[in-house]
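The values are calculated or read from the model by the stated rules, or taken from the named source; none is laboratory data. Note that the structure is predicted; figures quoted are calculated from it, not measured. Using ideal geometry, Cβ is built from the backbone for each residue, glycine included, and neighbour counts are taken over all protein chains shown. Keep in mind that these areas ignore ligands, DNA and RNA; they rest on the heavy atoms of the full protein, side chains included. Shrake-Rupley method; radii C 1.70, N 1.55, O 1.52, S 1.80 Å.
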Amino acid sequence: MVDFKAIEEKWKTEWERQEAFEANADPGRKKFFVTFPYPYMNGYLHLGHFYSIMRTEAFARYKRLKGFNVLFPQGWHCTGSPIESAAKRIREKEPGQWKTMKLSGFSEQETGQFGNPEHWTEFFPKTAKQDLIDLGMSIDFRRSFITTDLNPQYNRFIEWQFRKLKEKGYVVKGNHPVVWCPKDNTPVGDHDRVEGEGETPKDFIWAKFRMKHSDLIIMAGTTRPDALLGQTHIWIDPQGEYVVAKVKGEKWVVGKEAIRKIEQQFAKPEIIGSITAGELMYKWAQGPLVGYETTIIPAAFIDATVGSGIVYSALEDPVDLMEMQHIQAQPEIARSYGLDPEVIAKLKPIFIIDVEGLGENLGQEMLDKYRITSPADKKKLEDAKGELNRVVFRKGVMNKSCGRYAGMSVPQAQEAIKKDLIKGNDAVMFYELTGKAVCRCLTECIVKVVSDQWFLHYSDEEWKKVAHECLNSMRLYPEKSRQQFNYVIDWLQNWACVREYGLGTKLPWDRKWVIEALSDSTIYMAYYTLAHLIRDENPEDIDDSLFDYVFALKKDPPKNGKKIRSLEAMKKEFGYWYPMDFRNSGKDLIQNHLTMCIFNHTAIFPRKHWPQSFGVNGWVTVDGKKMSKSLGNFILLKDLVQQAPVDASRITILSGGEGLDDPNWDSEFAKACPAKLEGLTELCLGHHGKGRADMLSADHWMESTLHLIIRDATTFMDELMFRSALQKIFFDLPKAMRQYLRKTSSSPNRAIMDAAITAQIVMLSPFAPFLAEELWQKTGGKGLVAHARWPAYDEKKIDEKATYIDDMLSSARGDIDAVLHLAKISKPSTVTLLIAHPWTYDLVKLVKEQLPETRNPGDILKAAMATPLKQHGAHIAKLVPKLVNNPSMLPAAALSQEQEQHAFAEAKSLYEDELKCPVEIVRAQDSTHPKAQQALPGKPAIIVT
RNA sequence: GCGGAGGUGCCGGAGCGGUCAAACGGGGUAGGCUUAGGACCUACUGGCUUAGUGCCUACGCAGGUUCGAAUCCUGUCCUCCGCACCA
């Protein structure tokens, strides 16, 4: 029995005692710097963290074995609102939060402590570190740190970074709409909502229709500014309550409900008075973009409480068109409102959009298609409107009547018109939520336009260009993810980088703002290089000039340079370790963190310090199901460490997947894994240092196989394909060693067996470091296996023939069994193997050579007939088509008859042992048996009696 | 809707024009080795056949290109990830 837990304790202690993973600048050695994004400290680490960090860890250990000086640091992220919100909910005794804490195993008293946000930043980093130590991560923990102003040195670093960005013009001021909780006075992200996940502010245009003979302006909302080009009239709600409000010096007519929105999103309005629908009806107004006036018409389907309470119509959509047709068919309705039916009768759609495959009257086409005859067909009307909007948006083109917008696609025209109207004071921008959203405090959210907001200027075209350059120079694992990165660089808009709420660093020039969590984590990898040194410096002495100096951006020594004891050491560390060589995370971080990391590196650092490579991976599932607390399959690392041997867990998680696919934690595999590790232990310890000195063909086979496995495993490790590497290392190699022992009756060549065992231990160490250390020590390895050398392979030692002979012998063995079975002979008295005629070897060689040229049996046959093989023409004519159709019959390596005979002769005694009867190896030309003709190279004919 | 990644056997997944009924692993069945085993070994795990290496049906669905397609092309359906101010 292997006592895994004892081994873990032993080596954890030993690694710490030897400071095995503390890496320092050493200019004489090549370096490799890997990172994993610091996890957010609002809870325990779980299986999801484990997978991404294991990819980093396995790569770090591999690079160490390849002779690199490897730095793998780890920090803890505390910036942002979740910790502060949760602490607040605890203080307010919010039952849901208390229950969550209880489920996480905290007592009431402990939970009370979490009412203080700082407690989170002390408690969870501690547990996270312990988890990672227990899991055998080869991390340099001297360099760990937490973020926010709770860490004054890091705080200085972030301040420096932001001043730097601002200097270079990458931080700009602007307005931005957010989903907002009026009670908490804070933006409400998806995860902070009890209802309305995914709802987002959608922009509307409120177009200004100036009333004739009046200074009133009708504000008509729309999502389709393009339709203004075909405006026909204005709709109002006959039952609606309207008001006149003074906004920025103008008198707006809007629905009463709209006042609140104006206040939240635009400017403080002053209500001058109310106005009824009746007073508005049949008045004329001048809308934007066109040279004619339109009139105001009531319609039952308009709701004064939605949007601005007023809309305009172009009769382009089926709902409007149906309503209008309804009104036109009943002139008495118009008359009852005091409208002139003749004016109404003249209203018809103005065509402005061409859609391929549709006529010009789009609304009518839809009405016909859906067979709608009445405004009461609400469901059908909605569907028809939906379909039309989609098709117009995708395929619509503004027609030649549209002036400067003619020829534009509909989305293009919408953007252009929006811009022009706002610029010309013909419209203002408003936002509506796409649906109801409710904050965790149970308050319904609104849209608020945050003004004076600071943004990182990711929309800057020049900046995007440089970001692309950086990406182009990077290695990505897997390469497939590049498309997504390219897309995100282009798609990223200005990023609101500060908030009014949460933990973090205060914006240095505007202290009411706190720098937001993604924005303070873009270039912090540079901080790792000096975290352990700067920690001991007085924050008072740390200023921008220090960072400029140690990051080699300016030559001038810092102002307080004399007071900074580790100044030169920091500069040296940064200069040695940067750039970062590899960073791995889940694929969800492509769209923000990783891309922002690229942007900000290019903004601050010179090209030589840009990131070198990123790895991205999928999301962990447990036995094929998404990991979630409600499903009860949420695995925390602190529990995992208790429950199973760590080495087994590490292997299980990495063999769960690779690439961008979601990796799966397979419980069955996890259960079976420790036993497999025990078997491997027996195999290594039981055969190390034993064996003979002479070389037999089985030894050549083992040597060849070993080098082949090392070669493949090395390729996979280089590509970060850990599952494939594990297949070679954890499955194929032990299997080969066992076969080897069997072939040699447990008397292997000592040097070869030892080489295999050593390779096994070293190659296993990135995955199962604890057991590997133990085996390394027990087999007499010097120092730690963590610092050993990855086995080299020798292409010359890879002998295709050796592998082929092995396959040939075992497939012949299988064929013997098949024949025995078919012949219903359980105890044969003799088995004879007839080795193929010498000329068949020539034929097979010829076919193999011809195959890449032609697949036509006739041509190959002709080629064969041109050689001395001609004398076997009859056989060849039959054989060639067979071989062409089934190339698997062709041997993988070319042997001569003598070599094949020799190989079988060597295996003879093994066969005899297994079959318990004499085995004869006979050349076909020495036999008169008719089956002798059937024999092919690698496929001897078999006769059993 | 937009962008990305995928759909292969009981399961996880290799394969990405011919050597594919499909690597490797898991699970299952039968047997072996063992005091015992969760180690290790052997066979079977789409169907049918046979003193042997053969045939048929299969790689989401429907077409196409090719002497030949799981692999290339077109269409279609389905699944997953992201779409922001949030870690």
Problem - Set of aspartates and glutamates with alpha-carbon distance to A:LYS554 below 20 Å, sequence-local pairs under 8 removed - result: A:GLU159, A:GLU167, A:ASP541, A:ASP543, A:ASP544, A:GLU568, A:GLU573
Completion exercise
Taking a straight Cα-to-Cα line shorter than 16 Å from A:LYS626, and setting aside same-chain lysines fewer than 8 residues away, one finds A:LYS587
Practice task
Just subtract the alpha-carbon distance of A:GLU22 and A:ARG394 from 0.36 nm times their residue separation and send over the number in nm, one decimal.
Solution key: 128.2 nm
Completion exercise
In chain A the accessible area split gives carbon plus sulfur, as whole percent at 1.4 Å, a share of 52
Practice task
Identify all lysines with a Cα-Cα distance to A:LYS31 below 18 Å; exclude those on the same chain that are fewer than 8 residues away in sequence.
Solution key: A:LYS63, A:LYS66, A:LYS571, A:LYS572, A:LYS608
Fill in the blank from the handout: Taking region A:632-763, the lysine pairs whose C-alpha atoms sit under 25 Å apart (8 or more places apart or on different chains) add up to 13
Practice task
Could you check the simple spin-label distance between A:SER451 and A:LYS916, using points 7 Å along Cα→Cβ, in nm with one decimal?
Solution key: 9.7
Fill in the blank from the handout: Measuring from the longest principal axis of the C-alpha atoms of chain A, the long axis of helix A:482-491 (C-alpha) lies at a number of degrees, nearest 10, equal to 10
Completion exercise
Between A:ILE310 and residues 5 or more places away or on another chain, the pairs with built amide H atoms under 5 Å apart involve A:GLY221, A:GLY255
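Output the direction-averaged projected area (hull surface divided by four) of the convex hull of the alpha-carbon atoms of region A:261-400, in nm². Don't jump to the answer; show the numbers that get you there.
Values: hull surface 42.3 nm².
For region A:261-400, the mean projected area of the Cα convex hull comes to 10.6 nm².
Quick one: accessible area per residue over chain A, 1.4 Å probe, rounded to a whole number of Å²?
Each residue of chain A exposes 45 Å² on average to a 1.4 Å probe.
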Exercise for the section: With label points built 7 Å along Cα→Cβ from the Cα atoms of A:THR443 and A:PHE266, find their separation and express it in nm. Expected result: 2.4
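For the ranges A:488-495, A:217-224, what's the packing order if you count other beta-carbon atoms within 10 Å of each residue, average per peptide, and put the highest first?
Details: A:488-495: 15.8, A:217-224: 22.8.
Highest mean packing first, the order is A:217-224, A:488-495.
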Exercise for the section: Please label the shape of region A:97-233 as rounded, prolate or oblate, based on the square roots a ≥ b ≥ c of the eigenvalues of the alpha-carbon gyration tensor (a/c under 1.5 means rounded; beyond that, a/b larger than b/c means prolate, else oblate). Expected result: prolate
Problem - Calculated log₁₀ intensity ratio I(q)/I(0) where the Debye formula runs over C-alpha points of region A:727-772, q = 0.29, 0.30, 0.34 Å⁻¹ - result: -1.04, -1.07, -1.18
Handout entry: ³J(HN,Hα) computed for each position of region A:97-102 - Karplus, 6.51 cos²θ - 1.76 cosθ + 1.60, integer Hz, glycine/proline x
Key = 5, 4, 5, 4, 5, 5
Exercise for the section: Mind pulling the angle between the C-alpha long axis of helix A:4-17 and the longest principal axis of chain A? Nearest 10 degrees, somewhere in 0 to 90. Expected result: 70
Problem - Only Lys, Arg (+1) and Asp, Glu (-1) charged, at Cβ; chain A dipole about Cα centre in debye - result: 1200
Practice task
Two decimals is fine: what is log10 I(q)/I(0) at q = 0.15, 0.19, 0.21, 0.22 Å⁻¹ for region A:691-812, from a Debye sum with one equal scatterer on every Cα and no solvent?
Solution key: -0.68, -1.07, -1.25, -1.33
Practice task
Identify, among A:PHE582, A:VAL646, A:LEU533, the residue whose Cα sits farthest towards the positive end of the charge dipole of region A:506-648, taking +1 on the Cβ of Lys and Arg and -1 on the Cβ of Asp and Glu, with the dipole about the Cα centre.
Solution key: A:PHE582
Exercise for the section: Averaging over all projection directions, find the projected area of the Cα convex hull of region A:374-429 and quote it in nm² with one decimal place. Expected result: 5.4
Exercise for the section: Take chain A, drop everything but the C-alpha atoms, weight them equally and run the Debye formula without solvent; then report log10 I(q)/I(0) at 0.06, 0.07, 0.08, 0.10 Å⁻¹ to two decimals. Expected result: -0.67, -0.82, -0.95, -1.15
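Counting each DSSP H run of 4 or more residues in chain A as -39500 (n - 2.57), what helix-only mean residue ellipticity at 222 nm follows after dividing by all residues, to the nearest 500 deg cm²/dmol? Walk me through the numbers on the way to the answer.
On the way: 35 runs with 406 residues, N = 945.
For chain A, the value works out to -13000 deg cm²/dmol.
Ordered by packing density, taken as the mean number of other Cβ atoms within 10 Å over each peptide's residues, highest first, how do A:109-122, A:473-486, A:647-660, A:866-879 rank? Could you put the intermediate results ahead of the total?
Details: A:109-122: 16.9, A:473-486: 15.3, A:647-660: 23.1, A:866-879: 13.2.
Listed from highest to lowest mean packing, they are A:647-660, A:109-122, A:473-486, A:866-879.
Please give the direction-averaged projected area of the C-alpha convex hull for region A:496-574, in square nanometres with one decimal. Don't jump to the answer; show the numbers that get you there.
Details: hull surface 23.3 nm².
Quarter of the Cα hull surface area: 5.8 nm².
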Exercise for the section: Could you list which residues have their amide H under 5 Å from that of A:THR621, counting only those 5 or more apart in sequence or on another chain, with H placed in the peptide plane? Expected result: A:ASN664, A:TRP665
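Where does each of A:678-690, A:622-634, A:600-612, A:74-86 land if you order them by average Cβ count within 10 Å, highest first?
Values: A:678-690: 16.2, A:622-634: 12.0, A:600-612: 18.8, A:74-86: 23.1.
Those peptides, ordered most packed to least, come out A:74-86, A:600-612, A:678-690, A:622-634.
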Handout entry: Rg ratio (alpha-carbon, reference 2.2 N^0.38 Å) - region A:1-155
Key = 1.21
Exercise for the section: May I ask for the angle, rounded to the nearest 10°, between helix A:567-577 and the longest principal axis of chain A, with both axes built from Cα atoms and the value confined to 0 to 90°? Expected result: 70
Practice task
Would you mind classifying region A:607-704 by shape? Square roots of the alpha carbon gyration tensor eigenvalues, ordered a ≥ b ≥ c; an a/c under 1.5 is rounded, otherwise it is prolate if a/b is larger than b/c and oblate if not.
Solution key: oblate
